[in-house]
1. Confirm whether Phe49 is surrounded by fewer than 11 Cβ atoms within 10 Å (Cβ to Cβ), on the phi < 0 side of the Ramachandran plot and free of Cβ contacts under 8 Å to residues at least 12 places away in the same chain.
2. Any idea which of (1) surrounded by 10 or more Cβ atoms within 10 Å (Cβ to Cβ); (2) at pLDDT 55 or above; (3) outside any loop (DSSP other than H, G, I, E, B); (4) out of contact with any helix residue (DSSP H, G or I) (no Cβ under 6 Å at 6 or more places or on another chain) is the one Thr104 doesn't satisfy?
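The values are calculated or read from the model by the stated rules, or taken from the named source; none is laboratory data. Predicted model only: the values in this text are computed from it and were never measured. Note: ideal-geometry Cβ built from the backbone for every residue, glycine included; neighbour counts use all protein chains shown.
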Amino acid sequence: MSNPYDPYGNQPYQPVSGYPGGYPAQRSTNGLAIASMILSILGVVSCCFFGIAGAIMGHVATGQIRERNEDGEGFAKAGIIIGWASVALWVVIIIVYLLIFGRTLRHRPQPHPTDLSLTAAVGGVEEVPYGGACLGGRLIRRGVGLDPAHPVE
């Protein structure tokens, strides 16, 4: 028995012609572009190698986005910019480090000749820095021999 007030009765639903049957398909976001941005951010924080990888992945992702008509161009550009900026930052940090600490490594202060922190050899003669020698465990410095009354040259 059908309902007298139902204008359609028991007819199955049929879509009206002229209207699409759903939402249009969304464009997908390029995964390489997202990975590019993540690696580039890691490059700023940790090491420039991640920045190089992120920048290169950003360039590859940009080509894929244009080829495949995908979303994610902003992620790819951010990966490129942040990646190369992190490489430049780390290059500057390394140069400053070498300028500061490289100078101190090359110009280490030499100990003063009167520094008596020399090791003496037991038996025989051993050359020691600062122009002296050890003879039988006794330090002989230039100008002072075993007997201070007789200088050694």
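1. When the stated conditions are applied, Phe49 does not pass them.
2. Of everything listed in (1) surrounded by 10 or more Cβ atoms within 10 Å (Cβ to Cβ); (2) at pLDDT 55 or above; (3) outside any loop (DSSP other than H, G, I, E, B); (4) out of contact with any helix residue (DSSP H, G or I) (no Cβ under 6 Å at 6 or more places or on another chain), Thr104 misses just condition (1).
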